[in-house]
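Peer 1: Okay, handing you the structure first.
The values are calculated or read from the model by the stated rules, or taken from the named source; none is laboratory data. Quick caveat, the model's predicted, so the values are computed rather than measured. Note: ideal-geometry Cβ built from the backbone for every residue, glycine included; neighbour counts use all protein chains shown.
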Amino acid sequence: MYDHIFKRAQSLHGDKITCEKKHPQQLEIKTDRHYVMNLLSWLKTESYVHLAFISCIDWIEENQFELVYHVYSYEEKNHILVKTRLDRDRPWMHSIIDVWGHAQPYEQEIHEMFGVYFPGNPDLSGLFLHNWKDLPPMRKDFNPKDYSLALYSLKGMGHEALDMDFIQEITELEVE
Amino acid sequence: MEHDNIYLTNLRDEKQNMWTGLANYFRKRSMWMLYYCTGCGAIELPPTMTSRYDMERLGMGPMATPRQADLLLITGYLSVKTLKRVIWSYEQMQEPKYVVGFGSCPINGGIYWDAYPVINHLEAFMPVDMSIAGCMPRPQAIIDAFEKLMDEIQQGKAVGYKRYRKHYDWYKRNQDLVLNRQSAVLTPYVDPFASMPTAAELMAQESEDSHV
């Protein structure tokens, strides 16, 4: 099913990419991050018109982020995953909103959850988190359990109001 | 951790006279409820409200706006973002007002106890008159809790709104701690791209770095 796109990808972009068939319905293409835009534009002309989503993976041991662009063809009825790696210390990636406009909120979310910066995206403000000041929460070095215990547990809410005397006072509240 | 499961529902009786007793009798028989359906417990409400369990035989019915409702149902987990809206809704309600927490999430976080966006103890942010344990409670449990709540209203024990008024500063401080936090909880994050550089600037900088 993928044979012709596989061959054309190899002949057109041969030295820039590595292709692998992961599954009868999935072809994986790995490439350099500066080449992703070219590759996606080309795929869009090859009937892969639907950008399903962009995901981000934190490879903390390799000190890298991986971005995965999932594109789908309604004619071929299969997926192509375009994967690229970013440096984890300075993660940034060209915005692809010129190719697919609806990539804007996807990139906005990745920026919020992983801290990957997308120059060219007009709006990278916070989307879901309220008043967030910590590490981006989907990074592997962020510990949600410690965060939750530090902020939301009664002990962790951490002031004198939560000691037993106050509990006593509040349960013995005299009303009217 | 020993303080984590403290549960503030035990209340001293309201001073009763004939008129409060009469008022409470009518209050308990006509409760309009506002259900805050962002959690999974909302799915248990349609069978409770419709013909199978028929909540209306208890004199309860749904209400569209907080200003006309008596009862606020928190149906399941509350994220920090929804907490802010719940507090707005609760403060708009007219007294007397009652809060029922559905399921284990408003009690101690439930399965989201270690999740970063979900609060663990609703009691710390607003007074809860009745909690229903379970994940999720079945309609029978909900009806049972409503009947218990009606008993408590009759006896003048469901006075969470008075507690909120008296200890407003305590509740407000807890709310501010989560909603208007000024500093990071664990590690402060410094965005390396706070100056919003363009792609060209970033690439120029990278080529400089590689030459060095």
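Peer 1: Show me the strands (runs of 3 or more DSSP E) found entirely inside segment A:1-67 where at least 3 residues are charged (D, E, K, R) and closer than 27 Å to A:GLN104 by Cα.
Peer 2: Those strands (runs of 3 or more DSSP E) do not exist here; none qualify.
Peer 1: What are the pairs, 6+ residues apart or on separate chains, where a residue within segment B:69-83 that is more than 10 Å from chain A (Cβ to nearest Cβ) and closer than 14 Å to B:ALA124 by Cα has its Cβ under 6 Å from a residue that is of a type in the set (A, V, I, L, M, F, W, C) and surrounded by 20 or more Cβ atoms within 10 Å (Cβ to Cβ)?
Peer 2: From segment B:69-83, the pairs are B:LEU78/B:ILE119.
Peer 1: Do you know which residues across segment B:84-96 are out of contact with any Phe, Trp or Tyr (no Cβ under 8 Å at 6 or more places or on another chain), of a type in the set (A, V, I, L, M) and touching a residue at least 60 places away in the same chain (Cβ under 8 Å)?
Peer 2: none
Peer 1: While we're here: Please work out which residue is surrounded by the most Cβ atoms within 10 Å (Cβ to Cβ), limiting yourself to segment A:1-59 and to residues that are more than 29 Å from A:ARG88 (Cβ to Cβ) and β-branched (Val, Ile, Thr).
Peer 2: The residue in question is A:ILE5.
Peer 1: Condition check: surrounded by fewer than 21 Cβ atoms within 10 Å (Cβ to Cβ), aromatic (Phe, Trp, Tyr), farther than 24 Å from B:TYR168 by Cα and modelled with pLDDT of 85 or more. Does B:TYR116 satisfy that?
Peer 2: Details: surrounded by fewer than 21 Cβ atoms within 10 Å (Cβ to Cβ): no; aromatic (Phe, Trp, Tyr): yes; farther than 24 Å from B:TYR168 by Cα: yes; modelled with pLDDT of 85 or more: yes.
No.
Peer 1: If you go through segment A:81-104 one residue at a time, do you hit one that is buried (at least 17 other Cβ atoms within 10 Å of the Cβ), without any contact (Cβ under 8 Å) to a residue 24 or more places away in the chain and out of contact with any Cys (no Cβ under 9 Å at 6 or more places or on another chain)?
Peer 2: yes
Peer 1: Inside segment A:54-86, can you point out the residues that are hydroxyl-bearing (Ser, Thr, Tyr) and closer than 21 Å to A:ASP3 by Cβ? I'd like the intermediate steps shown before the answer.
Peer 2: First, the residues of segment A:54-86 that are hydroxyl-bearing (Ser, Thr, Tyr): A:55, A:69, A:72-74, A:84.
Matches in segment A:54-86: A:TYR72, A:SER73, A:TYR74.
Peer 1: Next question. Which condition breaks for B:ASN108 when tested against (1) touching a Lys or Arg at 6+ places or on another chain (Cβ under 7 Å); (2) surrounded by fewer than 23 Cβ atoms within 10 Å (Cβ to Cβ); (3) at pLDDT below 90?
Peer 2: (1)
Peer 1: Would you check which residues across segment B:49-68 are surrounded by fewer than 20 Cβ atoms within 10 Å (Cβ to Cβ) and either within 19 Å of B:HIS121 (Cα to Cα) or in contact (Cβ under 8 Å) with a residue 60 or more places away in the chain (or both) and list them? Break it down into steps so the answer makes sense when it comes.
Peer 2: Here is the first cut: in segment B:49-68, the ones surrounded by fewer than 20 Cβ atoms within 10 Å (Cβ to Cβ) are B:49-54, B:56-59, B:61-68.
Answer for segment B:49-68, where residues must be surrounded by fewer than 20 Cβ atoms within 10 Å (Cβ to Cβ) and either within 19 Å of B:HIS121 (Cα to Cα) or in contact (Cβ under 8 Å) with a residue 60 or more places away in the chain (or both): B:ARG52, B:TYR53, B:LEU58.
Peer 1: Cβ-Cβ below 6 Å, separation at least six or inter-chain, first residue in segment B:160-176 and at the interface with chain A (Cβ under 9 Å from one of its Cβ atoms), second part of a helix (DSSP H, G or I): which pairs?
Peer 2: Correct list of pairs: B:TRP170/A:ALA161; B:ASN174/B:ALA124.
Peer 1: Additional query: Please determine whether any residue of segment A:9-24 is more than 22 Å from the chain's Cα centre (by Cα) and of a type in the set (A, V, I, L, M).
Peer 2: Yes: one or more hits.
Peer 1: Quick check on segment A:116-137. Is at least one of its residues closer than 18 Å to A:LYS44 by Cβ and surrounded by fewer than 20 Cβ atoms within 10 Å (Cβ to Cβ)?
Peer 2: Here is the first cut: in segment A:116-137, the ones closer than 18 Å to A:LYS44 by Cβ are A:120.
Subsequent filtering for residues that are surrounded by fewer than 20 Cβ atoms within 10 Å (Cβ to Cβ) retains A:120.
Looking through segment A:116-137, at least one residue is closer than 18 Å to A:LYS44 by Cβ and surrounded by fewer than 20 Cβ atoms within 10 Å (Cβ to Cβ).
Peer 1: A further question on this structure: Can you tell me how many residues in segment B:193-204 are more than 8 Å from chain A (Cβ to nearest Cβ), loosely packed, with under 12 Cβ neighbours inside 10 Å and closer than 23 Å to A:TYR35 by Cβ?
Peer 2: The total comes to 1.
Peer 1: I'm trying to understand the selection: among the residues of segment B:87-105, which are of a type outside the set (Gly, Ala, Ser), surrounded by fewer than 20 Cβ atoms within 10 Å (Cβ to Cβ) and assigned to a helix (DSSP H, G or I)? Outline the logic, then answer.
Peer 2: Looking only at segment B:87-105, we keep the residues that are of a type outside the set (Gly, Ala, Ser), and these are B:87-88, B:90-100, B:102, B:105.
Still in the running and surrounded by fewer than 20 Cβ atoms within 10 Å (Cβ to Cβ): B:87-88, B:91-92, B:94-96.
If the condition is that a residue be of a type outside the set (Gly, Ala, Ser), surrounded by fewer than 20 Cβ atoms within 10 Å (Cβ to Cβ) and assigned to a helix (DSSP H, G or I), then B:ILE87, B:TRP88, B:GLU91, B:GLN92 are the ones that fit.
Peer 1: So which of B:VAL185, B:VAL212, B:VAL190, B:VAL128 is at the interface with another protein chain (Cβ under 8 Å from one of its Cβ atoms) and at pLDDT below 90? Lay out the reasoning, then the answer.
Peer 2: Values: B:VAL212 fails: at the interface with another protein chain (Cβ under 8 Å from one of its Cβ atoms); B:VAL190 fails: at the interface with another protein chain (Cβ under 8 Å from one of its Cβ atoms); B:VAL128 fails: at the interface with another protein chain (Cβ under 8 Å from one of its Cβ atoms).
Checking each option against the conditions leaves just B:VAL185.
Peer 1: Kindly establish whether A:LEU86 is part of a strand (DSSP E or B) and more than 8 Å from every other protein chain (Cβ to nearest Cβ). I'd like the intermediate steps shown before the answer.
Peer 2: Numbers: part of a strand (DSSP E or B): yes; more than 8 Å from every other protein chain (Cβ to nearest Cβ): yes.
Spelling it out, A:LEU86 is indeed part of a strand (DSSP E or B) and more than 8 Å from every other protein chain (Cβ to nearest Cβ).
Peer 1: Test B:LEU73 against the stated conditions and say whether it is under 10 Å from the mean Cα position of the chain (by Cα) and under 17 Å from B:MET130 (Cα atoms).
Peer 2: yes
Peer 1: Of the conditions (1) more than 7 Å from chain B (Cβ to nearest Cβ); (2) modelled with pLDDT of 90 or more; (3) in contact with a Leu (Cβ under 8 Å, 6 or more places away or on another chain), A:LYS140 clears all except one; give me its number.
Peer 2: Condition (3) is where A:LYS140 drops out.
Peer 1: Which of the residues spanning segment A:105-114 are over 15 Å from A:VAL68 (Cβ atoms) and crowded, with 21+ Cβ neighbours inside 10 Å? Steps first, answer last, please.
Peer 2: We begin by selecting, within segment A:105-114, every residue over 15 Å from A:VAL68 (Cβ atoms); these are A:105, A:108, A:111-112.
Passing the criteria: only A:HIS111.
Peer 1: Listed residues B:ARG173, B:ARG85; which is over 21 Å from B:SER30 (Cα atoms), charged (D, E, K, R) and modelled with pLDDT under 90?
Peer 2: Working: B:ARG85 fails: modelled with pLDDT under 90.
So the residue among B:ARG173, B:ARG85 that is over 21 Å from B:SER30 (Cα atoms), charged (D, E, K, R) and modelled with pLDDT under 90 is B:ARG173.
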